[in-house]
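The values are calculated or read from the model by the stated rules, or taken from the named source; none is laboratory data. Predicted, not measured: the structure shown is a model, and the values here were computed from it. Neighbour counts are summed over all protein chains in view; Cβ atoms, including those assigned to glycine, are modelled from backbone coordinates with ideal geometry.
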Amino acid sequence: MHSETVNLQRPRPATLLGQGTVDRLGVLIKEQDILLAVVDGHLSPGQQRNLEKDWACKVIDRTGLILEIFGERAKTREGMLQVELAHLNYQKSRLVRSWTHLERQRGGFGFMGGPGETQIEIDRRLIGERVIRLKKELESVTRTRQLHRQARKRIPYPIVALVGYTNAGKSTLFNTLTSAGVVAKDQLFATLDPTMRQLKLPSGRSVILSDTVGFVSDLPHELVAAFRATLEEVLEADVIIHVRDVAHEETEAQKKDVEEVLAFLGIDPEKASEAKPIVEALNKIDLLTEDDRLRITGTASRANDRVALSALTGAGVARMLAVIDRHLAKARDAIELAVPLEDGATLAWIYRRGEVLSRRDTETEAIVIALLDVADVARLEKNGSVRINPRLSAPAVAAE
């Protein structure tokens with residue numbers, strides 16, 4: 001095994017690398033009997049084909065490697081469909097390379113192509129037909145997800161989505177919060193298939209916590225497009241938790257990469273609104289030195305949308321839940337309700353669904369001031385036994 005960094009003054013159209021580097025690495029590959037070479041960059045089909053010819057081994061680029069990893073990790077039907085679609089879109093332009101690697105005839109010159117060219121055309125057509133079928137199946141997945149989201153809105157539970165760079169600790173945090181038992185490993189793209197679990201916040205309200213696929217720098221557009229149905233869960237989230245590995249030496253670069261993917265999806269981190277706040281979870285503080293941990297924890301404690309924590313030990317998790325609670329509370333209305341004392345079921349429902357700020361009982365009614373979601377207020381308006389007073393302003397709530 002061998003790895004090295006090559007500095008390029010300018011990329012070469014034929015091989016990306018300079019001819020001297022190609023020749024030197026070719027000798028090394030032959031001496032060490034290397035069967036696979038991975039180039040951490042994007043290779044055009046021609047560059048990939050030329051390098052395979054010069055090095056006499058299989059060559060894949062960054063996109064190809066990510067696709068191979070995704071293919072190994074996808075477990076659900078949806079995940080496998082998404083990976084296959086991305087792989088086929090990537091492979092369509094590389095059929096000539098594939099046949100050259102297999103030493104098949106690619107066809108002759110002139111108007112009529114040879115048998116190899118005919119085979120490539122057949123493969124290209126078969127891939128095109130398969131892509132169409134996969135897109136139809138994924139459209140069905142998208143519709144199913146939309147139906148699930150609509151059903152959740154009828155409940156309704158707010159959505160909290162975990163996003164972040166791959167291996168930042170999203171699944172570990174997910175497990176710590178929900179005891180879900182999701183696979184959490186120290187490896188890239190351990191999570192490909194989205195997982196959702198119910199989570200109870202300190203206020204008593206329930207939310208749906210969603211664990212998503214990890215992002216990575218230069219994420220191939222084929223993958224972003226294929227995983228659009230999965231990433232739509234992020235678009236629908238009420239609160240986004242950006243999980244960062246602050247112990248990683250490139251944590252700031254990883255943050256930028258995640259924000260670029262969010263921007264591609266239509267979420268601008270620089271313009272995070274009250275309607276869709278983004279909270280930074282500065283994870284893995286247990287791996288920091290004492291000085292760095294104190295510095296980051298102190299800085300985060302003074303910020304409204306930043307929490308220092310360790311998903312592994314649980315340190316800081318309680319504060320993060322409180323921050324989520326605070327953001328969700330901003331979307332609630334303060335309502336004064338008059339509920340008959342004998343209607344214990346409605347009173348219990350109000351306590352369960354909202355945050356009761358005050359309660360005063362008369363001989364016949366319970367006068368309750370509570371923070372409730374708009375949908376819950378609409379439900380109470382249909383209850384003939386509950387009297388709803390005009391909505392309170394923030395100063396009125398504070399006065400209470």
For the range 371-384, enumerate the residues that are part of a helix (DSSP H, G or I) and among the charged types (D, E, K, R).
-> D376, R379, E381
Scanning the range 331-349 residue by residue, the ones that are over 21 Å from L199 (Cβ atoms) and within 35 Å of the chain's Cα centre (by Cα) total 2
When you scan the range 201-303 for helices (runs of 4 or more DSSP H) that lie fully inside it, which ones turn up with 3 or more residues that are modelled with pLDDT of 90 or more, closer than 30 Å to A370 by Cβ and of a type in the set (F, W, Y)?
-> none
Would you pick out the residues in the range 350-370 that are touching a Ser or Thr at 6+ places or on another chain (Cβ under 8 Å) and either assigned to a helix (DSSP H, G or I) or among the aliphatic types (A, V, I, L, M) (or both)?
-> V368, I369
Inter-residue pairs, beta-carbon under 8 Å, first on the phi > 0 side of the Ramachandran plot and in the range 11-26, second exposed (fewer than 14 other Cβ atoms within 10 Å of the Cβ), 6+ apart = L16/L8
